[in-house]
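Everything on this sheet refers to the single structure shown next.
The values are calculated or read from the model by the stated rules, or taken from the named source; none is laboratory data. Worth saying up front: this structure is predicted, and the values here are computed from it rather than measured. With ligands, DNA and RNA removed, areas are computed over all heavy atoms of the protein, side chains included. Shrake-Rupley method; radii C 1.70, N 1.55, O 1.52, S 1.80 Å.
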Amino acid sequence: LFHKNIKPLGKCFCSICPGILETATHIFMDCCKVTEVWQSLGIAVTEEELQEPSLIGRGLPFRASVRLVMVILLLWRIWLSRNRLIFDDVRESTRQVVDGFLWDYNFWSCRFKRQEIHVLAWRDFL
């Protein structure tokens, strides 16, 4: 937000990692809270992959179309968790973020009726 002149520098630091400027890369990849989420799922994320989310988790044995939706749901859940901390002063655990992702996953899984086996593979993975 600082780089886009939306907020002054003093208000652009991560609420979890003291002294670290909050950038998109930090929010979704480098923040200590987010690294716990990715590690708990066994997914390593690089800066290149963050720029192209369809690349995240490409080493996992899941169909690309289903994997992309799951990654987007996880990124969404990370964003929600960050906003809950900033705006509501609610600090979610790694388990709560993953459980929220699982709830989203169950809600959206009906979108993949023809690819049910691939969606179930994600559930089993989690």
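Observations on the model:
- Close amide H contacts of E22 (hydrogens built in the peptide plane, cut-off under 5 Å, sequence separation of 5 or more or a different chain): F13, C14.
- Using a probe of 1.4 Å on the protein chains alone, the accessible area found for R58 is around 120 Å².
- Percent RCO, i.e. relative contact order, over the stretch 35-87, from Cα pairs under 8 Å lying at least 6 residues apart: 22
- Residue ranking by accessible heavy-atom surface, 1.4 Å probe, largest first, among F101, F28, F13 comes out as F13, F28, F101.
- Applying the Karplus relation 6.51 cos²θ - 1.76 cosθ + 1.60 with θ = phi - 60° to the stretch 34-40 yields 3J(HN,Hα) values of 6, 4, 5, 5, 4, 5, 5 Hz, where x marks Gly and Pro.
- Globularity ratio of the stretch 66-110, using Cα Rg and 2.2 N^0.38 Å: 1.16
- Relative to its residue count, the stretch 42-86 spans a Cα convex hull of 75 Å³ per residue.
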